[in-house]
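Okay, structure first, notes after.
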Amino acid sequence: MPKEMLAVVLGPTATGKSHCAIELARRFGGEIISGDSMLVYRQMDIGTAKPSEEELQTVPHHLVNILPPDAEYSVVDFQQQAAELVRDISGRGKLPVLAGGTGLYIKALLEDYRFSCVEGDAELRKKLERIAETDGALALHEHLRQTDPAAALRLHPNDVRRVVRALETALSGESVSRERQDGLRYDAVVFGLRMERDFLYERINRRVDRMLEDGLEEEVRSLLRGGVSPQCLSMKSLGYRQMAEYLLGQCDYSTAVDNIKKGTRHFAKRQLTWYKKMPYIQWYEVERDLDYEKIVSDMADTLEKKLKRL
């Protein structure tokens with residue numbers, strides 16, 4: 001049975017991948033599947049750099065604004081939902097275009113990770129949570145690094161809930177996932193955008209400044225007033241966690257802003273680390289003149305040739 005066709009546009013944050021993905025979908029009559037773990041949440045628009053209403057209406061988008069901000073969402077949820085969407089979009093004769101920056105999500109879908117279903121151990125979980133409380137999140141993450149280095153690489157030390165879950169799984173003798181052994185799950189063309197580090201960091205800093213101008217502080221304040229706990233998974237993400245700390249009196253405004261910028265730069269570095277493990281990516285270097293039209297045209301030519309061979 002032939003594999004389904006899938007176009008992918010990925011890259012670190014602030015490289016312009018959403019713009020390129022939308023343009024490709026528009027040219028080929030395709031539909032966007034978001035591969036960003038934060039775009040699933042409603043009421044979280046500014047800090048997630050969510051596409052505008054106009055962009056969302058340009059071509060159909062999926063896995064955007066599907067959950068309330070206090071909901072849980074995991075790579076397993078994404079993998080299942082995205083696979084169903086690829087089947088549905090392909091079945092209707094359309095081209096699915098995956099746009100994303102969450103490396104684990106994209107890699108899990110493309111390489112068809114098989115996730116283990118280990119039952120939780122309440123006593124073990126409490127013990128691990130106590131380690132985080134008494135020794136700190138970094139100590140718990142170091143424990144994971146020694147136990148399951150691959151899982152530690154993809155999980156941030158501050159994501160204690162997932163670090164605990166990964167340790168539960170690893171200590172059970174199971175692996176968190178197994179990668180597909182016979183190549184990619186889809187007949188995929190995977191495009192990547194990257195840029196020189198200093199230029200990327202400039203764009204990240206400018207993006208954070210625009211978020212603040214657009215009302216990130218008020219967005220987070222509204223979420224807190226609406227009863228969304230700072231302990232929710234979504235509120236621990238970049239921008240929201242730091243701004244919530246400011247609003248809750250845990251730091252001053254300038255510190256929060258600096259932490260958002262610094263955290264986003266570190267996040268971009270972690271994204272690139274993930275992408276290094278994906279040798280099938282066709283990379284495009286984005287120069288300072290930002291010639292996205294040429295990049296999109298080159299991507300479109302590659303896709304056109306691919307489609308003609310099918």
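Below is a table of values for the structure above.
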{"quantity": "With every protein chain in place, the chain: carbon and sulfur % of accessible area (1.4 Å)", "calculated": "47"}
{"quantity": "Residues of the stretch 1-110: accessible area per residue with a 1.4 Å probe, Å²", "calculated": "37"}
{"quantity": "Cα centroid of the stretch 277-303 to Cα centroid of the stretch 186-223, whole Å", "calculated": "18"}
{"quantity": "Over the stretch 1-72 - Rg/Rh using Cα atoms and the Kirkwood inverse-distance radius", "calculated": "0.99"}
{"quantity": "Rg/Rh (Cα only; Kirkwood hydrodynamic radius) as it applies to the chain", "calculated": "0.96"}
{"quantity": "Exceeding the 31 Å Cα-Cα cut-off - candidates K126/K276; K127/K261; K126/K236; K50/K294", "calculated": "K126/K276; K127/K261"}
{"quantity": "Under 5 Å, built H, 5+ apart or other chain: amide partners of Y284", "calculated": "G192, L193, R194"}
{"quantity": "Dipole moment magnitude, nearest 20 debye, the stretch 191-308 about Cα centre, only Lys, Arg, Asp, Glu C-beta charged", "calculated": "700"}
{"quantity": "Rg followed by Dmax, in Å, when the stretch 265-304 is reduced to its Cα trace", "calculated": "12.6, 36"}
{"quantity": "For the chain: relative contact order, % (alpha-carbon pairs under 8 angstrom, 6 or more apart)", "calculated": "26"}
{"quantity": "At least 20 Å along the helix axis (C-alpha) and Kyte average at least 0.0, DSSP helices within the chain", "calculated": "75-91"}
{"quantity": "Signed unit charges on C-beta, dipole axis of the chain, positive-most listed residue S237, G16, T255", "calculated": "G16"}
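The values are calculated or read from the model by the stated rules, or taken from the named source; none is laboratory data. On a predicted model such as this, the values are computed, not experimentally measured, just so you know. Don't worry about glycine lacking a Cβ; one is built from the backbone with ideal geometry, like all the others, and counts go over all protein chains shown. We work out accessible area using only protein heavy atoms, side chains counted, and drop any ligands, DNA or RNA first. Shrake-Rupley method; radii C 1.70, N 1.55, O 1.52, S 1.80 Å.
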